[in-house]
Amino acid sequence: IHSAIHMAREDMNCVIHTHTAAGIAVSAQDHGLLPISQHALKFYGKLAYHDYEGVALCLDERERLVNDLGTHRAMILRNHGLLAGGQNVAQAFYEIHFLERACQAQIQALAGGSKLRYPSEQVCKLTASQFTDDDEGMRMIQMAWEAALRLIEDQREDYCS
Ligand SMILES: [Zn+2]
């Protein structure tokens, strides 16, 4: 999975792939990620899907993975988990963190059993456009990464030893 993306996308130097409970659960939902949270709206119109083909050991799946990813940076691997990447570790972490939180929120919202409320399409598009990777956006992403590292350092001094 990782080699496929690295071979095809020069803008994705870091690729993160997870098997979290919420990510797997959303990957199994036919409707995919719903635009019901700010975290999910970051991916409005910017999220790819790849159908499950079995444990990813067949090299010919790489071409289909890359085709399905297209120009996006994040993808739901159906019946499997999540994938996201970026120019660097900070951006890849930012992407997978938002996607994971969006999945967690969706599973909990659906478990709540109430009718869901959806923002208008205009608001969905606006919100997606507010997450940018221009200089200002990348500065914010770097700040978020440094904050994440501080959180880890506070909890586990030995995390990098
Ligand atoms: Zn996997």
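Going highest first, how would you order 35-46, 14-25, 81-92 by mean Cβ packing within 10 Å? Each step should come with its number before you reach the end.
Values: 35-46: 19.3, 14-25: 17.4, 81-92: 21.8.
The most tightly packed comes first, giving 81-92, 35-46, 14-25.
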> Using Cα-only point scatterers and the Debye equation, what is log10 of I(q)/I(0) for segment 28-161 at each q in 0.09, 0.12, 0.17, 0.19 Å⁻¹, rounded to two decimals?
Replying inline: -0.32, -0.57, -1.05, -1.19
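How much length, in nm to one decimal, is gained on full extension between S129 and R101, taken as 0.36 nm per residue of separation minus their Cα-Cα distance? Walk me through the numbers on the way to the answer.
Details: separation 28, 0.36 × 28 = 10.08 nm, distance 1.87 nm.
Taking 0.36 nm per residue and subtracting the Cα distance, the gain is 8.2 nm.
Any idea what the relative contact order of the chain is, in percent, if you count C-alpha pairs under 8 Å spaced at least 6 apart?
Values: 227 pairs, mean separation 47.6, N = 161.
Result for the chain is 30 percent.
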>> Considering only C-alpha atoms, what is the centroid distance from segment 4-20 to segment 31-87, in Å?
In response: 11
>> Just to be sure I understand the curve: with the Debye formula and one point per C-alpha of segment 1-83, what is log10 I(q)/I(0) at q = 0.20 Å⁻¹?
In response: -0.92
> Could you give the longest part of the chain that holds none of the GluC sites (Glu not before Pro) found in DSSP loops with at most 15 neighbouring Cβ atoms within 10 Å?
Replying inline: 11-156
> Along the Cα-to-Cβ line of C58, 7 Å from the Cα, sits a label point; which residues in segment 78-97 have backbone N less than 17 Å from it?
Replying inline: 78-80
> R0 = 22 Å: FRET efficiency of D68 with A21, Cβ-based, nearest 0.05?
Replying inline: 0.40
> Taking a spot 7 Å from the Cα of S3 along the direction of its beta carbon, which residues of segment 48-84 have an amide N less than 13 Å from it?
Replying inline: 56-63
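Read the figures in this text as sums done on the coordinates, not as results from a lab. Given the structure is predicted, the values throughout are model-derived calculations rather than measurements. Positions of Cβ are generated from backbone atoms using ideal geometry, with glycine treated the same way; all protein chains shown enter the neighbour counts.
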